[in-house]
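Report on one structure; see the data block that follows.
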Amino acid sequence: MEIVHIYTRKRSEFGRHCNFSDCPAKVCVDIQPDPSLADSFLLRNPVDACVQHGSEMSEHEANTERVEVESRGMNHVEGGWPRDINPQELEQTSRFRKRVEKEENYVNTIAHLGALVEHCVKQNNTIDIYEEYFREEEADELEEEAPSAKTINVIRDPNVTKRTAAHLSWHPDRCKKLAVAYSSLEFQQNAEDMSFDSYIWDLENPSKPELVLKPSSPLVSLEYNPKDSHILVGGCYNGQMAYWDTRKGGLPVEVSTVEASHRDPVYGAIWLQSKTGTECFSASTDGQVLWWDIRKLSEPTEALVLDITRRELLENALGASTLEFEPTMPTKFMVGTEQGIVIACNRKAKTPPEKIASTYSGHHGPVYALARNPFFPKIFLTVGDWTARIWSEETKESSIMWTRYHLSYLTDGCWSTVRPSVFFTTRMDGTLDIWDFLFKQNNPSLSLKICDEPLSSLRLQDNGCILGCGSKLGTITLLEISSGLCTLQRNEKNLANAMFERETKREKILEARHREMRLKERARSEGQGLEAEEMLEESPQDALDRAQKEFFEVIEAELQRRARAEAQQPGSSKVKEHTEEELAAQGEEGELPKYEEEDEEKDAAKVALRIRPMSVAELQRGARPIAHRLDEQVVVLRDPMQNSDNILHASRSREKSYVFDAAFDSTSTQETVYRATTRGLIASVISGCNATIFAYGPTGCGKTYTMLGTNSEPGICARALGDLFHAIKECSSDAEHGVSMSYLEIYNEVIRDLLSPSPHSLQLREDSRGTVRVVGITELSASSTEEVLRLLLRGNQQRTQEPTAANHTSSRSHAVLQVTVRGRGLRCGRLQLIDLAGSERAAWTRNRGQRMKEGAHINRSLLALGNCIKALSKPAGSAHVNYRDSKLTRLLKDSLGGNSHTVMIAHISPASTAFEESRSTLTYAQRAKSIRPTVKHNLLSSSPHGRIVANLRGDIQHLKHQLYTAPGPELQGLVLTPIFPAQVQLRDKLLNACHEQEALCQHLVQLESTALHTRLAAARHLRMLTRWKRRAWRWGKEGQGKPGGPSESRRNTDVPEPASVIAARESFMALVEKQGRLQEQKVREPQMQHPQLNPTSAGS
């Protein structure tokens, strides 16, 4: 606890010393004794009295974290100086340093010594090598991720009558406050009850504004003072200038007079770089630029008329729509006008006409944004009409780079403060575009639909991570940009500089060429000046007739050119016809129906979110709702943890919003969910496309309820099958379409058939086209919705379900219902309805034994699914998608990244106890939005053989279905053909002969294998004997050349054979005999099995 004693003293007494002096004692008060009081005196012995003369104070103790202090140090002795340099003399050492730094090899030497010094520092005992001393200066290696941005906050105009967010300004010291100027910029559209207030918002408490600014007229521009964050200057709609001091409240401190102010709205107000920090300047559509000092706002200190004719006439002035000032260039500024012209000005010019240095003309309408590049001040950005342009001060006639023309107007733009090649633009259709010209120039790197109303303003924080967008209805959307867009890349400055210089040089060359052509044209026109004066003015009708005639002449010339080109290549059409005939013939060769693909298109996966109601158990545990649905697409998740004491998390927002294709809360019905997610896919399935709908989320969040439902509230499966058969009946008769279904579950990574239960598991295989299929799955035909639902109910009874602590009817397996719709000889579409088992924590579900094993398999398959979704959400080809980690991902290969319309319905619990599970589910669901499978129509081959086989297969399936569904009465009328005993004997003989032949073949294979091993062993021993013979012969030859060597007859007998050679010779002889016996047995075995064989023929 901090104890403060305030000492108060007059200013006039400061600095005086205490005046002490010696003086005798003086009697101040003398109280005489009163005898009458002696009668009332009572003697008490002893007498104790407690007197408290000091003020009472409370004592408070607090236990704080213990601070451990450790003393470290390093003894460094400077050395290495030349003999003629005294290290103690500062002048000599500084002169020597400057001389050395100018040498060429200085940088290379320092770079080489850096590694050695770093090695020595790490070896020093006084340095803790495990401590990172410069962690904040090290740039982490960032993963390459796709450009993205997420909404972190939305601030709305608190007034009933909405106004445009005309201008944004971030707090200069800490970017937790945002000043917003609200004004209605539509002429004569101000309502009577429209407020004039503007606000300063605290992002940590965005529910209400921190300060309300009350101007005399609505603010069009508002800016913080970079030197004093308490001061703001604003330009009003009526042309006045005002400034505020937040320490003095919301009323302006001073306002400029109407006579000395602008005549139109002030669209730009910027602080100047001055010593006092009180100077600013403003621009308006009245054609003036005025300089102000807030210490005296009664009149401007300086004025400039934007007359590009340099006559200083206000009636010729261009209206200013935006203003730009770079502090590093204090004398220069730029003005964007309503006529699309950018005026570059110099304040320190000698005369007012010289203050307008140059002009740049490039837009068809007003210039809404003008900004210099923070890294290269000579490069500036302009935003107007339907495009954004990048200019260089060295080229006056045209821009060096520009974006493509959009369908809607651009309203604002700005550069990134951390990356030189990135800039942002906003559009009238509510879209934010993020451009990275260093990597992509044709299209923006990222386009985000912020809102439905037009965006009006844009402002980026100084750190480059948070972006604020203001709309026409006063809504401020704060976006957090991904790290790739707000982190300076390696060598990006050099690459961006090279790109700008290259484009500037190219434009200079083009300008010089155009200037030369204009000079030639001018000289030609001067020579024909007399003729030009005599020419009559062309009427509009004549100009129209001439343009029409030229147009038809160009068309006629193009048609003649194409006719000549076709005449020069007479055999091209014949070759094309011949090729088409060959392809048609190849298509008729196949007997089986082949799936063809047409109408290929990219279709993004549709992701929906459903929030279930709070359960009774969660309410009993004291959980509170943290997930809320804002509108039809936005869901907000609030972190239940309190981070007020954690300074690292103090600036973070505890709420995070997620945007999906559809969002449902506890009030949404099954019909609403079905209509928004699945109903539109039924027509695609009948037309030959594949569609997949699967439910994803933690256990106990309502996935099975959404897919299967109840008797009173059917789920997606029952509703989809009902609409499927209804659509088939409407579009054609039953004879033209065949519907079949299969139902399986994946339990502990084992595939089971739910329609035909069997102890044996099924396997997955891929066909020649890469389609994953289940081998041996039961596929039954169906002709009505009731029939399919009856089969679905029977399969659900076979599905594995067990109670857990989190869910009393927990699904312990993934269920896959596949419905195939085949058109006779036409199209084939598949509809997959998948109910995934929920991810679970063992500590939460309290599973043991078999339940824990099941949970481990479920989490493993869902983890593999999450990894596939993460890999598919990255740019195409940047990451490998491993579908083989789980059978679930292999089965969903086509649904996730192949040929299928995919709908993912994520489920979460709104309870605060399930925050981690809900956040993980929302993260994976948001990644799934980036998946773009290639959707194609599956067409059966037009070959007649293929149609016949397809029809026969359909008949077989129909007969199988009849046998399966009506086993009793329908088989009574069948006539069975009698079987005679001779036929039975003949069949038995044939079967015995087949078995004997199979046994003989197996025996012969065994003999062949044994003979092969025997030959190999004999060859190995023979090789050893051959080596020994060669070595013995070499030794004998060397001994013969010496005096007294052995004779030729005794040369090989004198060298004794080793034991290994003797054993090899014996083994070789035994193997040769065994090989002969095996050959005889191979010839004799068939004769013993079949005595009727002729030995002579067999031997021959």
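How far, in nm, would the chain grow between Ala565 and His364 when pulled straight, counting 0.36 nm per residue and subtracting the alpha carbon separation?
On the way: separation 201, 0.36 × 201 = 72.36 nm, distance 4.14 nm.
Separation in residues times 0.36 nm, less the Cα-Cα distance, equals 68.2 nm.
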Amide H contacts of His901 (H built 1.01 Å from N, under 5 Å, at least 5 apart or other chain): Asn690, Ala691, Thr692
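Relative contact order, percent, of region 700-761 when contacts are C-alpha pairs under 8 Å separated by at least 6 residues? Numbers along the way, then the final one.
Working: 35 pairs, mean separation 8.7, N = 62.
The value is 14 percent.
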Karplus-derived HN-Hα couplings along region 923-931 (A = 6.51, B = -1.76, C = 1.60, θ = phi - 60°), whole Hz, x at Gly and Pro: 5, 5, 5, 5, 5, 5, 5, 7, 6
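Rank these by accessible area, largest first, 1.4 Å probe: Glu70, Glu192, Glu998, Glu503. Write down the numbers at each step before the final one.
Details: Glu70 125, Glu192 190, Glu998 105, Glu503 25 Å².
Heavy-atom accessible area, descending, gives Glu192, Glu70, Glu998, Glu503.
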FRET efficiency, 1/(1 + (r/R0)^6) with R0 22 Å, evaluated for Ala357 and Leu510 via beta carbons: 0.45
Backbone HN-Hα couplings from phi across region 1012-1021 [Karplus 6.51/-1.76/1.60, Hz, Gly and Pro as x]: 5, 4, 5, 5, 5, 5, 5, 5, 5, 5
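Roughly to the nearest percent, how much of the accessible area of region 174-299 is carbon and sulfur, given a 1.4 Å probe?
Working: 2630 of 5470 Å².
Result for region 174-299: 48 percent of the exposed heavy-atom area is carbon or sulfur.
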Distant-in-sequence amide H partners of Gly235 (H built 1.01 Å from N, under 5 Å): Val220, Ser221, Leu222
Filtered trypsin sites (Lys or Arg not before Pro), region 208-293: DSSP coil and at most 16 other beta carbons within 10 Å: Lys227, Arg263, Lys275
Computed FRET value (nearest 0.05) for Gln1081 with Lys870, which takes r as the C-beta separation and R₀ as 60 Å: 0.45
Sites matching trypsin sites (Lys or Arg not before Pro) across region 285-366 that sit in DSSP coil, with at most 16 neighbouring C-beta atoms within 10 Å: Arg295, Arg310, Arg311, Arg347, Lys348, Lys350
Relative contact order (percent, whole number), region 462-528, Cα cutoff 8 Å, 6+ residue spacing: 19 percent
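Using a 1.4 Å probe, what is the accessible area per residue for region 367-459, in Å²? Please report the intermediate quantities before stating the final value.
Numbers: 3250 Å² over 93 residues.
Spelled out: the 1.4 Å probe surface of region 367-459, per residue, equals 35 Å².
Quick one: grab the alpha carbon gyration tensor of region 750-804, order the square roots of its eigenvalues as a ≥ b ≥ c, and give me rounded if a/c is under 1.5, else prolate or oblate depending on whether a/b is larger than b/c. Walk me through the numbers on the way to the answer.
Values: a/c = 2.34, a/b = 1.24, b/c = 1.89.
Note, shape of region 750-804 comes out oblate.
Let a ≥ b ≥ c be the square roots of the eigenvalues of the Cα gyration tensor of region 371-416; is it rounded (a/c under 1.5), or, if not, prolate (a/b larger than b/c) or oblate?
Values: a/c = 2.75, a/b = 1.48, b/c = 1.85.
Taking the square roots of the gyration eigenvalues as a ≥ b ≥ c, region 371-416 is oblate.
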Cα-based Rg / Dmax (Å) for region 257-358: 12.7, 35
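For region 416-524, state which trypsin sites (Lys or Arg not before Pro) are in a DSSP loop and have at most 13 other beta carbons lying within 10 Å of their beta carbon.
On the way: sites: Arg427, Lys440, Lys449, Arg459, Lys472, Arg490, Lys493, Arg502, Lys505, Arg506, Lys508, Arg513, Arg515, Arg518, Lys520, Arg522, Arg524; in loops: Lys440, Lys472, Arg490.
Taking region 416-524 and a limit of 13 other Cβ atoms within 10 Å, the loop trypsin sites (Lys or Arg not before Pro) found are Lys440, Arg490.
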Prolate/oblate/rounded call for region 159-287, Cα gyration tensor, a/c under 1.5 rounded: oblate
Estimated FRET transfer efficiency when R0 is 35 angstrom, pair Ala111-Cys175 (beta carbons, to 0.05): 0.40
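The values are calculated or read from the model by the stated rules, or taken from the named source; none is laboratory data. It should be emphasised that the depicted structure is a prediction, and the values quoted were computed from it without experimental measurement. Positions of Cβ are backbone-derived with ideal geometry, glycine not excepted, and every protein chain shown enters the neighbour counts. Each accessible area value is taken on the protein alone, full model and side chains, heavy atoms only, with ligands, DNA and RNA left out. Shrake-Rupley method; radii C 1.70, N 1.55, O 1.52, S 1.80 Å.
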